[in-house]
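Asker: This is the structure I have questions about; it appears just below.
The values are calculated or read from the model by the stated rules, or taken from the named source; none is laboratory data. What you see is a predicted model, and the numbers here were worked out from it, not measured in a lab. Cβ coordinates were reconstructed from backbone atoms using ideal geometry, including for glycine residues, and neighbour counts include every protein chain displayed.
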Amino acid sequence: MTIEASAPAPEPRRRIRLGMVGGGEGAFIGAVHRIAARLDDQYELLAGALSSTPDKALRSAAAIGLPRSYADYATMAREEAARPDGIEAVAIVTPNDQHAPAAEAFLRAGIHVICDKPVTTTLADAERLRALAQSTGRLFAVTYNYSGYPMVRHARQLVREGALGDIRLVQVEYPQDWLTELLETTGQKQAAWRTDPARAGAGGCVGDIGTHAYQLASFVTGLQPTQLCAELSTLVPGRALDDNVQMLLRYANGARGMLWASQVAPGHENALRLRVYGSKAGLEWQQEHPNQLRFSPFGEAPRTVSRGTGSAGSAAARVTRLPSGHPEGYLEGFATVYAEIAQAIHAAREGRPLPAEVEFPTIEDGVHGVAFVEAAVRSSAAGAVWVEL
């Protein structure tokens, strides 16, 4: 019997070596990032500066079995860049005021950056990071995670294919109720930094969740507002930043929009909702019911499109993990963003172009988000007047 030699099996794709800045004891979003990065088995978390307090950083690293712990991100960037097995990408999940200096340290060390939103507290810093990412050739992703939901991808595909016709109206809202009382005075860590101008930036609610609403509307419609008129309110006495945002939007194509974000709306937990209306049809998506999209062609009965079914398009199908009837939600949507970023890092590592269907928020989206916050603050401070974006 003759045994023919077979072709060598291809080398398995190596996981991306990942680091993290922030996300230690008492943090919420750090654990979400870690779960999202691991869900599709594309990353391996190897190093971190999980807290600005060295003892807390060490305890936090030990609690999750992190191989290498650093007292600060500057040391981490320098030492990881010098290691042959050092990290290739870093997730920055600190309060907003640390995003820019940490991102700069890792970009200059030649390490890809995955940053929470808003990407910085000032537009000047955001633009500086964009220029630095371009000059270093490193990827800079921003985790606007709601763009990862399959039915959000389907909504975007419907708009791109012209199913809605010319976009005329964009309505987006993001109400929560967790800051209805002065929670920041109780020692609650998340409330404390999000309502502190020195750490959150000039925008409170508008920067924390208003930017999510803004990015979701832009992602689905493909439109960026050219002007806005905003009123930022602080409705809880004693609070230092806005906790309610109402604004009107004007788009270059003539479309009009409205955006409402609030953290003082009792009865709402995380009620992000987008409605888009065109000359042919309308659509509606809600984050608390993420597996369905309502699509309403003019003159026809509205229909509900479900994730995982044949009625959902190819854009939704490529980021769907489970069959219909098995809900996918926040963690899976977040993981999709990480999986798309992984595709870009693999492509950069292998020197090949990124497939056209892969899409994730980049530093460009980060710059737009910070410009949105600054314009909203400027408009409100001037008495809710129209300002250019």
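Asker: Determine which member of the set R160, R153 is in the same structural domain as P290 (by TED's automatic domain parsing), within 27 Å of M258 (Cα to Cα), among the basic types (K, R) and within 20 Å of the chain's Cα centre (by Cα).
Answerer: The match here is R153.
Asker: So, in the range 64-73, how many residues would count as being surrounded by 17 or more Cβ atoms within 10 Å (Cβ to Cβ) and either small (G, A, S) or under 15 Å from K189 (Cβ atoms) (or both)?
Answerer: 1
Asker: Say whether the condition of being under 21 Å from E374 (Cα atoms), among the small types (G, A, S), out of contact with any His (no Cβ under 6 Å at 6 or more places or on another chain) and free of Cβ contacts under 8 Å to residues at least 24 places away in the same chain is met by at least one residue in the range 134-153.
Answerer: no
Asker: Right, next: Looking only at the range 33-63, which residues are part of a loop (DSSP other than H, G, I, E, B) and buried (at least 16 other Cβ atoms within 10 Å of the Cβ)?
Answerer: Once the filter is applied, which keeps residues that are part of a loop (DSSP other than H, G, I, E, B) and buried (at least 16 other Cβ atoms within 10 Å of the Cβ), the range 33-63 yields Q42, L50, S51, S52.
Asker: Say we look at the range 81-124 and pick out the residues that are in a helix (DSSP H, G or I) and in contact with a Pro (Cβ under 9 Å, 6 or more places away or on another chain); which of these is surrounded by the most Cβ atoms within 10 Å (Cβ to Cβ)?
Answerer: My answer is H99.
Asker: Which condition does V113 not pass, out of (1) within 24 Å of L39 (Cβ to Cβ); (2) assigned by TED's automatic domain parsing to the domain that holds G48; (3) touching a Gly at 6+ places or on another chain (Cβ under 6 Å), if it passes all the others?
Answerer: V113 satisfies every listed condition except (3).
Asker: Of the residues in the range 318-351, how many are surrounded by fewer than 16 Cβ atoms within 10 Å (Cβ to Cβ) and either polar (S, T, N, Q) or over 16 Å from E88 (Cβ atoms) (or both)?
Answerer: Residues in the range 318-351 being surrounded by fewer than 16 Cβ atoms within 10 Å (Cβ to Cβ) and either polar (S, T, N, Q) or over 16 Å from E88 (Cβ atoms) (or both): 10 in total.
Asker: Would you mind telling me which numbered condition in (1) at pLDDT 95 or above; (2) assigned to a loop (DSSP other than H, G, I, E, B); (3) farther than 27 Å from G148 by Cα; (4) among the acidic types (D, E) E4 fails?
Answerer: If we test E4 against (1) at pLDDT 95 or above; (2) assigned to a loop (DSSP other than H, G, I, E, B); (3) farther than 27 Å from G148 by Cα; (4) among the acidic types (D, E), just (1) comes out false.
Asker: Among the candidates A163, A213, single out the residue that is crowded, with 21+ Cβ neighbours inside 10 Å and closer than 30 Å to R294 by Cα.
Answerer: A213
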